[in-house]
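Inspection log for the structure reproduced underneath, given as structure tokens.
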Amino acid sequence: MQTNYPVDSIIDRWNADPDFVIEMFQDIQDKFRFIPQEALNRVAERTGKPRGVLFHIATFYKAFSLKEKGRQEIQICTGTACYVKGAPDVLAAFERELKIKSGETTPDRMFTLSEVRCVGACGLAPVVVVGEDVIGGVSPSMVTEIIKKYSKEG
């Protein structure tokens, strides 16, 4: 089925099968870096799944976002080991440098900053994850260089 909706090709790839909405959402998230409301509505329309059910799925899984994310996602681990070794100071340094709070995206859509409870790299604490890169032993003095590095890659 060919239409003007940009997500129809994704829905078609999964044959508009309501059993594959999570896979559709993964593909939509990959394409847009979030799940736009229009996309959620279109998946509901094409699969016959109620919007409320789709909203529940999209908000239940941490991997999905209904808000646009930056090209680079910076996650500050605030699990116990990271917290004790200075994660709050690292987070504060990122907030100061980027001029945003945790959970926000920079106006240029380059960075989204968030806290995560544990990334499973406690021996490297405090840990920052940028995209798929795990950076251990981060101190507030390293924040400016980390931002510069990933500004170039974004």
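No value in this document is a laboratory result; all are computed from the given coordinates. Bear in mind that the values here come from a model prediction, so they are computed numbers and not experimental data. Neighbour counts are summed over all protein chains in view; Cβ atoms, including those assigned to glycine, are modelled from backbone coordinates with ideal geometry.
A few points about this structure:
- At full extension, Asp89 and Val53 could sit 9.1 nm farther apart than now, given 0.36 nm per residue minus the alpha carbon distance.
- Measuring between their Cα centroids, segment 21-89 and segment 121-148 lie 23 Å from each other.
- The phi torsions of segment 43-59, fed into the Karplus equation with coefficients 6.51, -1.76 and 1.60 and a -60° offset, translate into couplings of 4, 4, 4, 7, 9, x, 6, x, 4, x, 5, 5, 4, 4, 4, 5, 9 Hz, rounded to whole numbers, with Gly and Pro shown as x.
- Reported value for the chain: 121 Å³ per residue, from the convex hull of its C-alpha atoms.
- Full extension of the segment from Thr80 to Ile22, taken as 0.36 nm per residue of separation minus the current Cα-Cα distance, would add 17.8 nm.
- Think of it this way: in the chain, Cys118, Cys122 stand alone, with no other Cys Cβ under 4.7 Å.
- Estimated translational D of segment 8-60 in µm²/s (Stokes, Kirkwood radius over Cα pairs; 10 °C; 1.306 mPa s): 150 µm²/s
- The 3J(HN,Hα) values that the Karplus relation (6.51, -1.76, 1.60; θ = phi - 60°) gives for segment 100-105 are, in residue order, 9, 9, 4, x, 10, 10 Hz. Gly and Pro appear as x.
- 3J(HN,Hα) along segment 137-151, derived from phi through the Karplus expression 6.51 cos²θ - 1.76 cosθ + 1.60 where θ = phi - 60°, amounts to x, 6, 10, x, 5, 8, 4, 4, 5, 4, 5, 4, 4, 7, 5 Hz, with x in place of Gly and Pro.
- At the listed q of 0.11, 0.13, 0.21 Å⁻¹, the Debye profile of segment 72-144, built from one uniform point per Cα, gives log10 I(q)/I(0) equal to -0.22, -0.30, -0.79.
- Rounded to 5, percent antiparallel among DSSP beta bridges of segment 72-153: 55 percent
- Coil-residue GluC sites (Glu not before Pro) of segment 47-154, DSSP, other Cβ within 10 Å capped at 10: Glu132
- Near the amide H of Glu68, within less than 5 Å, lie no amide hydrogens of residues on another chain or at least 5 residues away, with H placed in the peptide plane.
- Between the amide H of Val116 and those of Ile76, Cys77, Thr78, distances stay under 5 Å, these residues lying 5 or more places away or on another chain, with hydrogens modeled in the peptide plane.
- Of all DSSP beta bridges confined to the chain, the antiparallel ones make up roughly 55%.
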